[in-house]
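Right, one structure below, let's go through it.
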Amino acid sequence: MNASPYRLPAPVRHVLSRLPGRPGAWLFAAGLNAGLKPHLDDDSRAQLLRKRLRLAVLDAGVTFDVAWNGRSFAAVTSKTAPDVVIGATLYDLGLLATRREDPDTLFFSRRLVMEGDTELGLLIKNTLDAIDR
C-alpha cells in the first residue's frame, strides 16, 4: 500500500479513536445533504434507500455511519455492518474534499479504500464527480 505523505501521529489517533462517533456522523450527514443530496436523481435516491455508508478516517481510527432515509442522509448507529465503506487518511480525504486530488488516482495508488457494495460506492463517486466545481 502506498502510504499517504501525511498521517496523524499515534498519540493523536489514540485520543481521536476514543471520541464518540455520533457527532462526526451528524456532520458527515450534513455535508452529504448540502453537497450531494441536491444532485441525486430519483434513480440514485432509490438505489441509496436504507443503504448504510461508512466513512473511515484510517489514520484517526474513527468512522462515521450514515444512511439515506428517503429524504436525506442521517447519522446511524453502528449496530449493523455498512453496505459500503470508503476509507482514507485525513489528509487524503481533505484532498478529495477540496478536489486537489482525483479519487481514481488515490484508489489506484491504494490510498483510498472502498469495501463492500462497490456499485453503491461508484454511484456516490460518480455523482460527486458530476457536480460542477
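Bear in mind these aren't lab numbers, they're just calculated from the coordinates by the rules spelled out. Just so you know, these numbers come straight off a predicted model, no measurement behind them. Glycine also receives a Cβ, built like all others from the backbone with ideal geometry; neighbour counts cover every protein chain displayed.
Points worth noting:
- Footprinting exposure proxy for ASP104, ASP65 (fewest neighbouring C-beta atoms within 10 Å first): ASP104, ASP65
- Simple rule: put +1 on each Lys or Arg Cβ and -1 on each Asp or Glu Cβ in the range 10-124, find the dipole, and look at GLY94, PRO20, PHE73; the Cα lying farthest toward the positive end is PRO20.
- Dipole magnitude (debye, nearest 20) for the range 10-124, charges at Cβ of Lys, Arg, Asp, Glu: 540 debye
- Eligible aspartates and glutamates near LYS79 by straight Cα distance, threshold 16 Å, same-chain separation 8 or greater: ASP65
- Other residues within the sphere of radius under 12 Å centred on the Cβ of GLY70, judged by their own Cβ, net out at +4 (K and R +1, D and E -1).
- Note on the chain: antiparallel DSSP beta bridges, both residues inside, total approximately 70 percent of the bridges counted.
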